[in-house]
Every structure is written in structure tokens, then in C-alpha cells.
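Quick notes on the structure that follows.
The values are calculated or read from the model by the stated rules, or taken from the named source; none is laboratory data. Bear in mind that the values here come from a model prediction, so they are computed numbers and not experimental data. A quick note on method: Cβ atoms are made from the backbone with ideal geometry, for glycine too, and the neighbour counts reach across all protein chains shown.
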Amino acid sequence: MIILKKSIPRRTVLRGIGATLALPFLDAMSPAFQDSAARPAMKFGVVYVPNGIVREKWTPIGEGSDFRLGPIMQPLSPFREHLFIPGGLEQKTANAQPGEALAPHSRSSSAFLTGVHPKATEGDDLRAGISVDQIAAQQIGKHSRLASLEMSLDTPDPAGACEPLYACTYMNTLCWRSPTTPLPMENQPRAIFERLFGDSESTDPAERLARIREQRSLLDAMTEEVGSFKQRLGPADGAKLAEYLDAIRDVERRIQIAETDPAPDLPDLHRPSGIPSSFEAYAKLMFDLQVLAYQTGLTRVVTFMMAHERSVRSYAEIGVPESHHPLSHHKGDPKVIEKVERINTFHVRLFAYLLERMRATPDGDGTLLDHTVLLYGSALNDGNLHTTDNLPILTAGGNLGSKGGRYMRYPSGTPMTNLYLTILDKLGAPVEQFGDSTGRLKLLPVA
């Protein structure tokens, strides 16, 4: 490390034509004459999968630190010491109240991050509760350019009702800024890229749009400034910046390829431009955008839906051409259950890709994975019966004050929102009550 009399401001950006380039945490951004391994702020992410998970293939065998991952979670084996798997948590607020229509997907989706029973309505008088990601964003996101980022791999369902007496909005998003303000989930990589690296101070996007149409790189537009800045850095920071710039160029190149690649012959005639035809490539591109967002500090809170509830996406690329939601109603058929398990495992494998990318990205005194709490799971236990007890969830990364690599079974009836209180404590954004919470989860102390 080179000790400077003045440190480079943490929020330094490089500017080019119609674009801004935020920078990752560099040693030179530490206060002058202090240890460069300053601990960066904690981050929070949610990765959501729909239609439940085959629970018996998810549940670990054993308990505490002496457990074996179930078949569906096997792709997470390299990250075992980063996992905290709480069993027995419930989401009672998603259950139907007396006289309510059957709408399990709408209620479970809207209650998942809010812990609040949503109002039954097909109109615009929506009501649920503020979601835990937005509670976090109010505190840890207030110093970022974007308080939070909401992403999805699905296009929103149309306006109106998707289940009896429940508007489609309840399934189109997990995020609620207030009890009456749901947040849209963005599914276009280009839109997210531009939100992260576009010039938010410009009211005229013509220059940026012209560059996009010419297929010019964001980095090409600021070559001179990037080169000048690199000369001010030491070798370690120079290597870190080069790796970061390569990642940006790779993401931008993949977006450009997706935008020029003709859409495959699929029944979905409204496939948005700029989305890779392969689901795996699409998911990895969106995960890489999340890593860049965390790495630069542009946001510290990301919520990501692999798909929304009742998703009918098919997965021919893994040998499952049938639609996901109908398969989840397997009626106990072993052949159908095997296909659902294959989908569940595929989703977990993609999540493992995110964990690997974050573990490989330096962040202060550790890695992005060390300084992030990631929540993964589904709002339904059994997609066939729509049960909301013993939810299939886990956290990865920051270990919530407990030693990592643990499966802990909690008493039946423990609210999912108790986990959220514990997560908010870890993030430095504590609250006394959230949704239907009854207290914080009891965790084993760090060994």
C-alpha cells in the first residue's frame, strides 16, 4: 500500500460522456496513515424462488454444526461454513383468514418480506407492510446513490387480479416502501446497467443513448480519465481497479450481445430486448450486476426474484420442458417431484454462482461475501399444498453473530420475522418489532 497524505474520497467517481463510473473500495480510500483494512459497511441481499421447494430434499440431516446438506443444497457445499440454515420458521400472516378466497401465492409473496397479511383487493387500494429490505435501506442505504435495487427475471403480470380478489401486484414484487407503496422489480439488464452507471445528474440522455446505439463501451467513453486515475494508485489498487474494469466491460459486452442476438422461437412473443435467451446466462448476468452494485457501494440492498409466484417458466435447458407452477402441484407423483427437485437444485446452483463471485471479490478486510447477509428461499414450504410452515430458507455470508456452517431447528410457530429482527441487528439497523415478530432468534455465540 502507498500511504498518501490525503486519502481518495470513498465516493470518487470517474466521468465520461453521459456516464459515471463508481469505484470499488480501494486501499487508497482508507483514511491517511490508517490501516487499509478498514471494515466496509454491511450489505443485504434477498434471492427469492417461487412455488415452494421439495422440502424433504432440502432439509439437512443432523443439526448444529454436525449436519449434511440435503440433495437440493449440494451446490452450496463449497460455502458450507458461510451458511446459516434455520428450520421451523413460519409465515402465518400468509394464511387465509376466515371467509377469504383461495389466493396462496399472492398472500405468501406479499407477506414474505413484510410479515403482514395483505389486503384482499383487485384495485389500486393495495395494502401490506413495509418490507425488511426497505427497513434496511432506510438505514444502511441512505449514504448510497441508490438506497436499494429491485430486480427480477420475470416480466410483470398484467394489471388486474391474478388470483381471486388479489391484484397481480401482490405477486409481481416482494418490496414495499410503505404499506401502500409496492416497488416495481426491473427485469432488463440494460435498464439496471444504466441505472447504476448512467449519469443521474443529466436531464438529457441523448449522448448516452447515442453511445449505446453505436455499441461503444462505457469504459471507452472515459479512457483518458481512467488512465489518469490509475497513475495515482499503488500496485495493489491498480490490480484491483483493473479487475473491476474488466468485470464492467464483460457485463456490458454480454448485454450488447443479448441486444443484438435474435430472440429464439419461443411462445412468449413479448420477450424484452437485451435479455439472454438462456435462463442460466440471464441469471448470471443479473447476479454480476448485483456484484458490481455492491462492489462500488452504489447500493447496499438488493432484492432479486428468480421468478414470481405461480411462475410458468419452463426449464428445457435442464431437461424440464414443462411449466414450473403446474409441476409444483405434483400430487405426490415421484416422477413429477423429481422434475421439481431438478428445478430447485438448478436455482440453488445459480445462487452458488453469486456466492462464488462475491467470495472472489475483495472488500476491505475480507470479501463481499464476508460483509453481506444474503437471504435465500421461498415463501411456500410445499408448493403442492401451499403450506407456509417450516419454510425452506437460509442465509449466507455474514453469519448473524453465530459461527457459520449451522443448521438450527426452531420451535414450531416461530415467525419468519424473528429472523428479520436478527438480520437487521447484524446490518446495524435494529428495530424492536417487525410484522408479527415475537423476538430475535437465539443464536450460538461465535466460537
> So how many residues does segment 349-371 have that are farther than 22 Å from Y282 by Cβ and of a type in the set (V, I, T)?
Replying inline: 1
>> Tell me whether segment 302-316 contains one or more residues that are closer than 25 Å to L245 by Cβ and at pLDDT 95 or above.
In response: yes
> Does segment 48-73 hold any residues that are within 20 Å of the chain's Cα centre (by Cα) and either hydroxyl-bearing (S, T, Y) or surrounded by fewer than 22 Cβ atoms within 10 Å (Cβ to Cβ) (or both), and which are they?
Replying inline: Y48
> Residues in segment 374-394 that are on the phi > 0 side of the Ramachandran plot and either buried (at least 24 other Cβ atoms within 10 Å of the Cβ) or in contact with a Pro (Cβ under 7 Å, 6 or more places away or on another chain) (or both): how many?
Replying inline: 2
> Since G397 meets every condition but one in (1) at pLDDT below 95; (2) surrounded by fewer than 23 Cβ atoms within 10 Å (Cβ to Cβ), which condition does it not meet?
Replying inline: (2)
> Among (1) over 20 Å from the mean Cα position of the chain (by Cα); (2) closer than 30 Å to I248 by Cβ; (3) modelled with pLDDT of 95 or more; (4) of a type in the set (D, E), which single condition is E356 missing?
Replying inline: (1)
>> Just to verify a result, which residue in segment 359-373, among those that are more than 17 Å from the chain's Cα centre (by Cα) and charged (D, E, K, R), is surrounded by the fewest Cβ atoms within 10 Å (Cβ to Cβ)?
In response: D365
>> I'd like the full set of residues that are closer than 19 Å to V302 by Cβ, surrounded by 23 or more Cβ atoms within 10 Å (Cβ to Cβ) and touching a Lys or Arg at 6+ places or on another chain (Cβ under 9 Å), limited to segment 334-358.
In response: L354
> List pairs: first in segment 231-249 and farther than 19 Å from D288 by Cα, second among the basic types (K, R), Cβ under 8 Å, 6+ apart or cross-chain?
Replying inline: G238/K230
> Does L298 qualify as being in contact with a Leu (Cβ under 9 Å, 6 or more places away or on another chain), surrounded by 18 or more Cβ atoms within 10 Å (Cβ to Cβ) and more than 23 Å from P392 (Cβ to Cβ)?
Replying inline: yes
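Please verify whether segment 76-91 includes one or more residues that are part of a loop (DSSP other than H, G, I, E, B) and of a type in the set (A, V, I, L, M, F, W, C).
Step one: filter segment 76-91 for residues part of a loop (DSSP other than H, G, I, E, B), giving 91.
Then keep just the ones that are of a type in the set (A, V, I, L, M, F, W, C); that gives none.
Within segment 76-91, not a single residue is part of a loop (DSSP other than H, G, I, E, B) and of a type in the set (A, V, I, L, M, F, W, C).
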>> Quick check on this structure: which one of H325, H330 is over 13 Å from the mean Cα position of the chain (by Cα), closer than 23 Å to P158 by Cβ, outside any strand (DSSP E or B) and not acidic (D, E)?
In response: H325
> Residues that are modelled with pLDDT of 70 or more, hydroxyl-bearing (S, T, Y) and more than 22 Å from the chain's Cα centre (by Cα): which helices (runs of 4 or more DSSP H) entirely in segment 150-244 hold 1 or more of them?
Replying inline: 223-230
